[in-house]
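Structure first, commentary second.
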Amino acid sequence: MTKIYLSHSTIISALGFSTEENIRNVEANISGVKLIDDTSYFHSPFYGSIIDKDRLHSAYKKLEYNMEASVLEQAMICSLAEVISASKLKISSKTGLIISTTKGNINALNKQDQSSAYLSVLAQKIKTVFGFKQQPIVVSNACVSGVLALSVAKRYLLENEYDNVFVVSGDLVSEFILSGFNSFQAMSAEPCKPYDAKRKGINIGEAVASILVTKSTANLSEDAVELLGESSINDANHISGPSRIGEGLSRSITIALKEAGLKATDIDYISAHGTATLFNDNMEAEAFNRIGLQKTPVNSYKAYYGHTLGTSGLLETILAMQSLHKNTLFTSLGFTNLGTNKALNVISKNKKTTLTYALKTASGFGGVNTAVVFKKIY
């Protein structure tokens, strides 16, 4: 039976320009979420996390590609370049590329030439930079995009379309995004508090993350994991509101566990979506209770990064891989007292423990839900 592995990752965010730098800050319970008073983003101050653009431009310049690129493109290129280099793989006809994003270069809509706003144009640009032989695949499915891209990569590998797939996921803070969530009255006027009784909504953040999905055990990174199971089930409930009983999420988890050959009680840790909105956090609690996961340690990374949209699923998968590797449950920042309708075992402080199996979940607009199950290798 073919085994699928996740290996060699890079994160570019407000908390650093590598997976290692990011995880050091997470371990120290440092948040990248700050009050941002910059009208180039939004007409009023908001809490969110922003990539250091000066540092990004400097990093991109050092790569010497000598090609004009948007901020998102620069971040994707810098991130993916690190992973390709670390993997020591040569790009061939059996190497796939998946670009995962919710809104891509959405700010290009403000320009006279709007062509770069098309996700296909973004994907072709990344393909050209690195010399991929095959056409890139774009995964854009609301806030599950990053983790769904891993599922798509896995299926391509199992069908022998590719031997290796590089996944890069990215979204930036923009007026379009902020205006949309503000219209839903979903934005918090303070740092977000997932699962807490006093949670008031989300913060928006930006990040780019990259990873290798492969069938090969050669040159795996020390934090590599085996991807055991995945599933995506839609609520078919409402365009912006989740199923109140967590129907799609619970079914996604159940199918992913079945493919992995595991029971709910085998899972050591859950990296959940945890947006800090009333409906999302309650829905997740309902879903986890339906399956018997209410006692399993769970956290959300949204109070560290804000909601990074399409990047969040991949970003948080990489952090969960680090959690397994370090045998450490990381604090669900912002949490003090449980405020969900059903019981959850929210991680209130860093804890050393033996970890083997993890579950990553994500949900998004349109009723989408995705769950992936993975196992520590080393």
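Tabulated results
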| read-out | value |
| --- | --- |
| Fewest-first sequence of PHE132, PHE176, PHE330 by Cβ atoms within 10 Å of each Cβ | PHE176, PHE132, PHE330 |
| Residue order, fewest to most surrounding Cβ atoms within 10 angstrom, among ASP52, ASP113, ASP38 | ASP113, ASP38, ASP52 |
| From the coordinates shown, P(r) over Cα pairs in 10 Å bins from 0, in percent corresponds to which of (1) 4, 18, 23, 18, 14, 12, 8, 3, 1, 0; (2) 4, 19, 30, 31, 13, 2, 0; (3) 5, 27, 37, 24, 7, 0 | (3) |
| Mean Cα-pair separation over length for the chain, i.e. relative contact order, pairs under 8 Å, 6 or more apart, % | 23 |
| Stretch gain in nm, segment LYS351-HIS43, where the contour uses 0.36 nm per residue and the Cα spacing is subtracted | 106.8 nm |
| Proximal aspartates and glutamates to LYS133, defined as alpha-carbon separation beneath 15 angstrom and excluding residues fewer than eight positions away on the same chain | GLU161, ASP163 |
| Volume of the Cα convex hull of region 202-337, divided per residue and given in Å³ | 126 |
| Kirkwood Rh in Å, taken over region 37-184 so that all alpha-carbon pairs contribute | 16.5 |
| Stretch in the chain that is longest and holds no GluC sites (Glu not before Pro) that DSSP places in a loop and that have at most 11 other beta carbons within 10 Å | 223-378 |
| Exposure proxy order (Cβ contacts within 10 Å, fewest to most) of THR340, THR265, THR311 | THR265, THR340, THR311 |
| Hits among lysines - C-alpha to C-alpha of LYS127 under 18 Å, sequence gap 8 or more where chains match | LYS88, LYS90, LYS94 |
| Rel. contact order, % - alpha carbon contacts under 8 angstrom, at least six apart, region 228-376 | 37 |
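Just so you know, all these numbers are worked out from the coordinates, no wet-lab data involved. The structure presented is a predicted model; accordingly, all values stated were derived computationally and were not measured. Don't worry about glycine lacking a Cβ; one is built from the backbone with ideal geometry, like all the others, and counts go over all protein chains shown.
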